[in-house]
Amino acid sequence: MTCNEDDIVEQVMTEYKKHFDKILVLDGSSDRTEEIIRSFDNVVYFLKESDIYPKRKVRDGIRQFLLEKAQDLYGSEGWFTLLHGDEIFVDDPNKIAAAAEKEKAEKVNWHVANFFLHNSQKNWDFSLARTLEEQLPYYQLGGLEIRQFKNKANCYFPLNQHHSVLPKGIGFRPLLDYPLMKHYPIRSPQQFRKKLQLSNRMVRFNDTENEDGIFQEKYMKERRKVFKFDGDFGKWSPGKRPSFWRQFLDFGFL
């Protein structure tokens, strides 16, 4: 699912192309996001939310339209991975799905590294050309988000379902690991303003339209530690994570 991410979606799709040869898209954009996404040859299906949900608030359950199409095209075996226009996987999602299949799991919780604009960046000139990593070096390790689930013939999304991206019919058993992904909801003051103007939706994790509110030292919860990314996520990196139960215990002290 995408909505007005044209400043980042090409980089995101380039990363996704490394892992997925078939992507189905549901887009609510009014900027160049659609044009950019359609330029990728691994996009096999593209749907505008305005064509199926005109004048209605979009709910998480709208993914049902993609799920039905994917199952019509490819059956009910294997795994689905949920993609968003401002997220990049750190772990390889194919390896994670294979590990989940081996453990007979039915869903995977991904650990989110939320990158954000630090208070020290308030006087930055955001018109300068920088890579995403240079512009957003600060992050906090946030919560868990389900991004993969086992494809089953009887699974479905109720169209009015919200605040949950897991379809009905998926079993309880999770993969005993927390793979890592990067989340970039706010990239610059300009992007924040444009997204509010185009989508008329509040940018996630921010409860203010005051631009000063997008610069935060404590991004989600006051107790969470701020890290500066140096190319490595330390013990949360692929191949370095401790046992699941050690991860589980450490998670509460981030």
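The values are calculated or read from the model by the stated rules, or taken from the named source; none is laboratory data. Model, not experiment: these values are computed from the prediction. FYI the Cβ positions are ideal-geometry reconstructions off the backbone, even for glycines, and counts take in every protein chain you see.
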Open item on the list: Anything in the range 42-54 that is modelled with pLDDT under 95 and either of a type in the set (D, E, K, R) or under 18 Å from the mean Cα position of the chain (by Cα) (or both)? List them, or say none.
Closed with: Glu49, Asp51
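So which of Lys104, Lys57 ends up being surrounded by fewer than 14 Cβ atoms within 10 Å (Cβ to Cβ) and at pLDDT 95 or above?
Every option except Lys104 fails the conditions.
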Task: Condition met for Asn114 (of a type in the set (S, T, N, Q), under 14 Å from the mean Cα position of the chain (by Cα) and either crowded, with 20+ Cβ neighbours inside 10 Å or not in a strand (DSSP E or B) (or both)) - done: yes
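So which of Pro242, Pro158 ends up being in contact with a helix residue (DSSP H, G or I) (Cβ under 7 Å, 6 or more places away or on another chain), surrounded by 13 or more Cβ atoms within 10 Å (Cβ to Cβ) and at pLDDT 85 or above?
Working: Pro242 fails: surrounded by 13 or more Cβ atoms within 10 Å (Cβ to Cβ).
Step by step, each of Pro242, Pro158 is checked, and only Pro158 is in contact with a helix residue (DSSP H, G or I) (Cβ under 7 Å, 6 or more places away or on another chain), surrounded by 13 or more Cβ atoms within 10 Å (Cβ to Cβ) and at pLDDT 85 or above.
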Task: Tally, over the range 94-110, of residues that are farther than 21 Å from Lys17 by Cβ and either of a type in the set (Gly, Ala, Ser) or part of a strand (DSSP E or B) (or both) - done: 5
Task: In the range 71-96, the residues that are closer than 15 Å to Asn109 by Cβ and in contact with an Asp or Glu (Cβ under 9 Å, 6 or more places away or on another chain) - done: Trp79, Leu82, Glu87, Phe89, Asp91, Ile96
Open item on the list: Pairs please, first residue from the range 61-79 and at positive phi, second anywhere and part of a helix (DSSP H, G or I), Cβ atoms under 8 Å, 6+ apart in sequence or on different chains.
Closed with: Gly78/Ala97
Task: Filtered residues of the range 201-228 (kept if surrounded by 15 or more Cβ atoms within 10 Å (Cβ to Cβ) and at pLDDT below 55) - done: Val203, Phe205, Asn206, Tyr219, Met220
Task: Close pairs (7 angstrom Cβ cut-off, 6 or more residues apart or separate chains): under 13 Å from Thr14 (Cα atoms) in the range 27-40, part of a loop (DSSP other than H, G, I, E, B) anywhere - done: Ile36/Asp6
Task: Single residue of Gly231, Gly169 found to be farther than 16 Å from Leu136 by Cβ and either touching a Cys at 6+ places or on another chain (Cβ under 6 Å) or modelled with pLDDT of 90 or more (or both) - done: Gly169
TODO: Look through Glu49, Glu35 and report the one residue that is acidic (Asp, Glu) and either closer than 21 Å to Trp110 by Cα or buried (at least 16 other Cβ atoms within 10 Å of the Cβ) (or both).
DONE: Glu49
Task: Complete set of residues in the range 129-143 that are part of a loop (DSSP other than H, G, I, E, B) and within 14 Å of Asp7 (Cβ to Cβ) - done: Ala129, Arg130, Thr131, Leu136
- [ ] Please go through the range 120-155 and pick out each residue that is of a type in the set (Ser, Thr, Tyr) and either within 28 Å of Asn109 (Cβ to Cβ) or crowded, with 17+ Cβ neighbours inside 10 Å (or both).
- [x] Tyr138, Tyr139
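Report, by residue number, each residue of the range 30-59 that is part of a helix (DSSP H, G or I) and touching a Leu at 6+ places or on another chain (Cβ under 9 Å).
Initially, the range 30-59 is screened for residues part of a helix (DSSP H, G or I), giving 33-38, 49-52.
Within the range 30-59, Glu49, Ile52 meet the criteria.
Considering only residues that are within 18 Å of the chain's Cα centre (by Cα) and modelled with pLDDT of 95 or more, which ones fall in the range 176-186?
Asp177, Tyr178, Pro179, Leu180, Met181, Lys182, His183, Tyr184 - these are the residues of the range 176-186 that are within 18 Å of the chain's Cα centre (by Cα) and modelled with pLDDT of 95 or more.
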